[in-house]
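Note sheet for the following structure.
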Amino acid sequence: MNIATAGHAPAVNPRGRLSDADRALMLAVAEREWAQGKITIEEYQDIQDRCRLYPGAALIHGILRLAGGSGVARFPFGQPGDPLPRMLEPRVETIPVNSIVGSADRATHLDRRFRPIHGGRARLESIRQAMEAGLAFPPIEVYRLHGACYVIDGHHRVAAALRIGQLYLDAVVIECWASREGSARPVDAAREAFGRRTGLEILSLSTPGRYEQALTQIQEHRWYLGERGRVVDLAEAAWDWYQVAYLPALQQLIAAGLV
């Protein structure tokens, strides 16, 4: 279920409200970026509206990143040197679109409005038209850290929602926080993050890069399943990939004496 602009809004968490000083700072940054031509008048007006209507603490991440002229924020876990994450079980919620500030793995490929920098605009336009026509979409998937959401799956849907002014999206939310146990070896951190995202905690690979490659293959496999008419979540796609792609390939390598 997608909740359009005219729908009833869930209550704003009072613990996430911004002070007047924070709001003034964000508006000042936005005004400067608009004056320098780094954001459009529509984006500037959107920031004004969001500061007035939805003063959540996560908004400061989305506004202050304009100062660097970059795209969306990077999820601060999963890369070598990042702290180990701790995560709760996923749950479905309706979240404000303006709480979505970044991406789990595509931050460098998106502009500030979550639009793909290279290609993908035709797909985005088709999703925008369908969303504007009121068609239902499955929930996006996000990590949430200190109130700010980072997209795992659904970047085009977020971009389309921003384009048409939709205020809320259904999302599978994974609440995260940094472990107090300190950083482990990068490969251990990558294995834990991969296992929590995919459910494949049994998979043990040699380098963090291998986990990134496996995740890319799983996402492509999920897309393939979707093209065949199946709507699956990331964990189901991961298990299907493990059974039909990973294990047969591993068995062939063992038979050939390469493993």
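For the reader, a short list of remarks on this structure follows.
- Cβ-derived FRET efficiency at R0 41 Å, LEU203 paired with GLN45, nearest 0.05: 0.30
- Close amide H pairs (under 5 Å, H built 1.01 Å from N) link PHE137 with ASN2, residues at least 5 positions away or on another chain.
- For the pair VAL92 and GLN79, the difference between a 0.36 nm per residue extended length and the Cα-Cα distance amounts to 2.1 nm.
- Per residue, the average separation of C-alpha pairs within less than 8 Å and at least 6 apart gives the range 107-226 a relative contact order of 19 percent.
- Each residue was assigned an accessible area with a 1.4 Å probe, and for ARG191 the value is about 90 Å².
- With q set to 0.13, 0.22, 0.23 Å⁻¹, the log10 of I(q)/I(0) for the range 78-206, from the Debye formula over equal scatterers at the Cα positions, is -0.59, -1.28, -1.35.
- Subtracting the Cα-Cα distance of GLU220 and ALA133 from their residue separation scaled by 0.36 nm leaves 28.6 nm.
The values are calculated or read from the model by the stated rules, or taken from the named source; none is laboratory data. From a predicted model like this one, the values you see are computed outputs, not experimental measurements. When we count neighbours, we look across all protein chains shown, and the Cβ atoms used for this are built from the backbone with ideal geometry, even at glycine. What goes into the accessible areas is simple: the full protein's heavy atoms, side chains included, and nothing from ligands, DNA or RNA. Shrake-Rupley method; radii C 1.70, N 1.55, O 1.52, S 1.80 Å.
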